1. Would you mind listing the helices (runs of 4 or more DSSP H) fully within region 144-243 where at least 3 residues are of a type in the set (Ser, Thr, Tyr) and either loosely packed, with under 11 Cβ neighbours inside 10 Å or out of contact with any strand residue (DSSP E or B) (no Cβ under 6 Å at 6 or more places or on another chain) (or both)?
2. For the condition under 28 Å from residue 216 (Cα atoms) and not small (Gly, Ala, Ser), what is the one hit in 115, 69?
3. Considering 184, 163, which residue is out of contact with any Asp or Glu (no Cβ under 8 Å at 6 or more places or on another chain), over 30 Å from residue 80 (Cα atoms) and free of Cβ contacts under 8 Å to residues at least 24 places away in the same chain?
4. Say we look at region 128-141 and pick out the residues that are out of contact with any Ser or Thr (no Cβ under 9 Å at 6 or more places or on another chain) and loosely packed, with under 15 Cβ neighbours inside 10 Å; which of these is nearest to residue 53 (Cα to Cα)?
5. List the pairs whose first member sits in region 222-249 and is without any contact (Cβ under 8 Å) to a residue 40 or more places away in the chain, whose second member is in a loop (DSSP other than H, G, I, E, B), and whose Cβ atoms are under 6 Å apart, counting only residues at least 6 apart or on separate chains?
6. Check 149, 173 and return the single one that is among the aromatic types (Phe, Trp, Tyr), modelled with pLDDT of 95 or more and more than 24 Å from residue 134 (Cβ to Cβ).
7. Return yes when residue 19 is among the β-branched types (Val, Ile, Thr) and at pLDDT 95 or above and no when it is not.
8. Hey, does region 109-124 have a residue that's surrounded by fewer than 15 Cβ atoms within 10 Å (Cβ to Cβ) and in a strand (DSSP E or B)?
Amino acid sequence: MTYCCGILVRDGLVIMADTRTNAGLDNISTFRKLHVFEEPGQRIMALASAGNLSLSQAVLSTLNEGLPDGDPDSEPETLHNAPTMFQAAQRVGRAVRAVHDMEGGALEASDVKFDVSFLFGGQIKGEKVRLFMIYAAGNFIECTVDTPYLQIGEHKYGKPVLDRAITYDMDLYDALKIGLISVDSTMRSNLGVGMPLDLLVTRRDTCTAELNYRIEPGEPYFHDLRERWSAALRAAHNAIPPPPYRNQR
């Protein structure tokens with residue numbers, strides 16, 4: 001399983017992803033699922049994947065090699081030469097459909113679902129920061145001010161804290177903190193999501209990675225965050241009066 005989360009706030013973008021993949025209880029591995037495409041000062045993009053690892057890797061390779069645009073004399077379409085973030089998201093969708101065209105029939109014959117999804121976000125110079133969620137059919141939705149986050153993978157355990165805490169106007173690193181709490185909540189409830197965690201922070205109008213970091217098991221800040229969040233939840237529970245619903249004798 002996988003958990004990836006993207007948070008879009010006024011000051012910029014946070015994207016994070018776990019690295020655990022499993023094909024059964026006795027076949028667990030670590031693979032990077034967050035990939036960064038950067039031309040400092042010109043564009044910064046991040047692509048986080050969930051679902052079938054072979055399919056997500058095929059989509060990534062297709063994007064790196066480039067998509068043909070029908071003109072044999074022009075260069076292939078990649079994320080590095082996309083003129084807008086919207087067209088870049090369209091290219092991710094096209095790559096998903098291209099992989100489906102190549103692999104879909106064989107997967108269906110083996111009774112394997114074409115299961116892959118992506119978070120794609122970043123900024124091209126002169127544009128605003130944008131965040132998209134791209135489905136297995138290659139279509140996508142865009143993050144909005146009203147709901148300034150998107151999730152893929154095993155998202156249900158980490159969603160409540162995002163619903164309660166994330167706002168578009170919050171500080172960029174507060175958004176990172178809430179995102180890490182969301183990941184921790186997911187790991188607590190699902191063994192298919194695990195460390196290391198990869199994360200990217202990019203500030204609006206810089207078009208650079210302000211933070212591109214991997215949190216390894218035992219990393220002091222994340223360990224402290226986990227302990228403090230657990231303690232805060234216990235304190236909140238203890239501070240709430242018990243329910244008055246008892247049988248009247």
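The values are calculated or read from the model by the stated rules, or taken from the named source; none is laboratory data. This structure is a prediction, so every number in the text was calculated from the model and none was measured. Heads up, the Cβs are rebuilt from the backbone with ideal geometry, glycines too, and the neighbour counts pull from every protein chain shown.
1. Once the helices (runs of 4 or more DSSP H) in region 144-243 are filtered for at least 3 residues that are of a type in the set (Ser, Thr, Tyr) and either loosely packed, with under 11 Cβ neighbours inside 10 Å or out of contact with any strand residue (DSSP E or B) (no Cβ under 6 Å at 6 or more places or on another chain) (or both), what remains is 172-189.
2. Unique residue meeting the criteria: 115.
3. The match here is 163.
4. That would be 137.
5. Here the result reads none, with nothing in region 222-249 linked to a residue that is in a loop (DSSP other than H, G, I, E, B).
6. 173
7. It is true that residue 19 is among the β-branched types (Val, Ile, Thr) and at pLDDT 95 or above.
8. So far as region 109-124 goes, no, none of its residues is surrounded by fewer than 15 Cβ atoms within 10 Å (Cβ to Cβ) and in a strand (DSSP E or B).
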